[in-house]
Amino acid sequence: MTSVLHIDVPLSDEDLARLEHVLDRRGDPRRSAELIARAGAIEALALATGRAAFSSVTDLRAFRVLCLIEAGMELSEVESLGAAIFKLTPSAARRLVNSAVARYRVELDTSLVEHIGAALEAAQWDREDERWLVMLDSPTVRARVFDYLGRNDLPDATRVPRGPLWRFPDETFQAVRAHFGLAPRAR
């Protein structure tokens, strides 16, 4: 049996303003505060019950990434906010998330596959290029997709010059969908 705890955590206007500044006005600071607090509670319970013990700050940070994702934070949010939350450079925060996903692969696999599925479901067919346009804004998601592609003989996806947008040939797109448990999609 699983029960749910409801905990009130004071959130001052000053805390909200500081969080909004830290988040650089990306997203809703109230939602982020709630997810961070939920992740903190998950971590505290894991420590109190002996489910988690850490021999280094690196191990603790990796577990905190797991907690943030289990609390409901999107991978791309953890990657972008990780720098602010953990006081790291953006590239160090991305490495931390990649390391945590590798370390907690079993625990995070379902969440990662859901993120990949969401990106594939949001893809748009470009009639002019006859390619699927897929937004892979999470380096962790992108790495997982391209890891699969690197192990298979499929036409290459190419990066669109702007942002984290990729062009996938239909054959490649459909193979990636099938690999991650999605039905084929019509153009």
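Laboratory data are not the source of any read-out in this text; all were calculated from the coordinates shown. As the structure is a computational prediction, the values presented were derived from the model and not from experiment. Note that each Cβ is placed from the backbone with ideal geometry, even for glycine, and that neighbours are counted across all protein chains shown.
Once both labels are positioned 7 Å from their Cα atoms along Cα-to-Cβ, the gap between residue 53 and residue 185 label points is 4.6 nm.
Normalising the Debye intensity of region 109-160 to I(0), with uniform scatterers on Cα atoms only, and taking log10 at q = 0.14, 0.18, 0.21, 0.24 Å⁻¹ returns -0.38, -0.63, -0.84, -1.05.
Computed from label points 7 Å out along Cα-Cβ, the spacing between residue 130 and residue 158 is 1.4 nm. For the chain, find the longest principal axis of its Cα atoms and tell me its angle to the long axis of helix 170-179, 0 to 90°, nearest 10. Approximately 40 degrees, to the nearest ten.
Dipole magnitude for the chain: computed about the Cα centre from +1 point charges on Lys and Arg Cβ and -1 point charges on Asp and Glu Cβ, it is near 400 debye.
List the relative contact order of the chain as a percent without decimals, with contacts defined as Cα pairs under 8 Å and 6+ residues apart.
14
As a proxy for reagent exposure, ranking 7, 116 by other Cβ atoms within 10 Å from fewest up yields 7, 116. Extension gain for residue 99-residue 24 works out to 24.5 nm (0.36 nm per residue, less the C-alpha to C-alpha distance). Estimated from the Cβ-Cβ distance and a Förster radius of 30 angstrom, the FRET efficiency linking residue 17 and residue 109 is about 0.20. In this label model, residue 146 and residue 88 are separated by 1.9 nm, measuring between points 7 Å along each Cα→Cβ vector. Between the residues 47, 88, 10, the greatest Cα displacement towards the positive end of the dipole of the chain, with unit charges on the Cβ of Lys, Arg, Asp and Glu, is found for 88.
To the nearest 10 degrees, how steeply does helix 57-70 sit against the main Cα axis of the chain, on a 0 to 90 scale? With rounding to tens, the tilt is 70 degrees.
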